[in-house]
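In what follows, a single structure is set out as structure tokens and then discussed.
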Amino acid sequence: MSDSDKYPQIDDEQKYWFVMRDLKRPNAKLPAYKQLADEHYEVFTPMRWILRIKDGRRIRERVPFMQDLLFVHGKKSEIDKVVERTPTLQFRYQRGGICRNMIVRDADMEKFIYAVSVSENPKYYLPEEITVDMRGRMIQIIGGKLDGYKGVLLTTRGSKNKRLLVELPEFFSVGVEVNSEYIELL
């Protein structure tokens with residue numbers, strides 16, 4: 001795959017899933033993903049549950065998996081205007097001296113978002129966290145909410161739950177629980 005296939009030229013008037021950075025502090029009242037959602041942009045930020053102590057009580061709270069990472073769906077020309085007026089919001093760029101915005105294909109992003117949304121307890125993994133030993137057999141899901149999904153069965157020591165590994169190429173992966181009756185080995 002050549003660089004031009006991997007990182008296509010961006011048309012300012014076409015919608016893409018842009019990979020962005022939010023440089024606000026973790027305790028900011030209005031992080032970028034909330035600000036952009038309020039401005040009616042389609043935004044995805046991988047979230048996880050944590051326990052916090054607030055006013056002496058333990059509460060469960062949803063927080064971003066990676067504090068500075070968000071995906072925004074929109075036209076570059078429109079998002080540029082938001083970036084200009086928000087100094088803590090930045091585009092992420094490709095590595096290797098190429099000054100091109102990082103984007104994710106619509107099909108990959110939609111598949112990833114859907115898998116996360118139907119899972120009660122998604123488990124996120126950075127690329128370096130997934131070892132060869134964790135990658136199990138290739139499977140396909142037949143029936144259920146993830147019908148038609150193909151991927152790798154994630155095997156982790158001591159876990160009784162079966163998880164399908166859904167990847168967002170070059171960023172991270174999510175393990176979503178699947179019922180054994182829907183798994184077909186490939």
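The values are calculated or read from the model by the stated rules, or taken from the named source; none is laboratory data. These figures come from a predicted structure and were not determined experimentally. So basically every Cβ, Gly included, is an ideal-geometry build from the backbone, and we count neighbours across all protein chains shown.
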What is the number of the single condition among (1) surrounded by 15 or more Cβ atoms within 10 Å (Cβ to Cβ); (2) assigned to a loop (DSSP other than H, G, I, E, B) that residue 28 does not meet? (1)
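Scan the stretch 84-121 for residues that are over 18 Å from residue 67 (Cα atoms) and of a type in the set (A, V, I, L, M, F, W, C) and jot them down. Even if it seems obvious, please write down each step before you answer.
Within the stretch 84-121, the subset over 18 Å from residue 67 (Cα atoms) is 84-85, 94-101, 103-112, 114-115, 117-121.
Scanning the stretch 84-121 gives 98, 99, 103, 104, 107, 109, 112, 115, 118.
Being part of a strand (DSSP E or B), touching a Phe, Trp or Tyr at 6+ places or on another chain (Cβ under 9 Å) and within 30 Å of residue 123 (Cβ to Cβ) is the filter here; which residues of the stretch 70-93 pass it? First the steps, then the outcome.
First, the residues of the stretch 70-93 that are part of a strand (DSSP E or B): 70-75, 89-91, 93.
Next, from what is left, pick out any that are touching a Phe, Trp or Tyr at 6+ places or on another chain (Cβ under 9 Å): 70-75, 91.
Across the stretch 70-93, the qualifying residues are 70, 71, 72, 73, 74, 91.
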Is the stretch 137-157 home to any residue that is among the basic types (Lys, Arg), exposed (fewer than 13 other Cβ atoms within 10 Å of the Cβ) and without any contact (Cβ under 8 Å) to a residue 12 or more places away in the chain? yes
Tell me the residue from 182, 125 that is touching a strand residue (DSSP E or B) at 6+ places or on another chain (Cβ under 7 Å), surrounded by 14 or more Cβ atoms within 10 Å (Cβ to Cβ), aromatic (Phe, Trp, Tyr) and over 24 Å from residue 63 (Cβ atoms), please. 182
Counting only residues that are part of a loop (DSSP other than H, G, I, E, B) and of a type in the set (A, V, I, L, M, F, W, C), the stretch 135-172 contains a total of 3
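Rundown of residues vs (1) touching a Gly at 6+ places or on another chain (Cβ under 7 Å); (2) touching a residue at least 40 places away in the same chain (Cβ under 8 Å); (3) under 23 Å from residue 105 (Cα atoms); (4) in the same structural domain as residue 176 (by TED's automatic domain parsing), yes/no style:
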| site | (1), (2), (3), (4) |
| --- | --- |
| 14 | no, yes, yes, no |
| 17 | no, yes, yes, no |
| 22 | no, yes, yes, no |
| 25 | no, no, no, no |
| 31 | no, no, no, no |
| 35 | no, yes, no, no |
| 38 | no, no, no, no |
| 54 | no, no, no, no |
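Answer with yes or no whether residue 63 is in contact with a Pro (Cβ under 9 Å, 6 or more places away or on another chain) and either more than 25 Å from residue 122 (Cβ to Cβ) or not assigned by TED's automatic domain parsing to the domain that holds residue 121 (or both). Let's see the steps before the verdict.
On the way: in contact with a Pro (Cβ under 9 Å, 6 or more places away or on another chain): yes; either more than 25 Å from residue 122 (Cβ to Cβ) or not assigned by TED's automatic domain parsing to the domain that holds residue 121 (or both): yes.
For residue 63, the condition - in contact with a Pro (Cβ under 9 Å, 6 or more places away or on another chain) and either more than 25 Å from residue 122 (Cβ to Cβ) or not assigned by TED's automatic domain parsing to the domain that holds residue 121 (or both) - is met.
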So residue 67 ticks every box in (1) more than 21 Å from residue 31 (Cα to Cα); (2) in a loop (DSSP other than H, G, I, E, B); (3) in contact (Cβ under 8 Å) with a residue 12 or more places away in the chain but one. Which box is left unticked? (1)
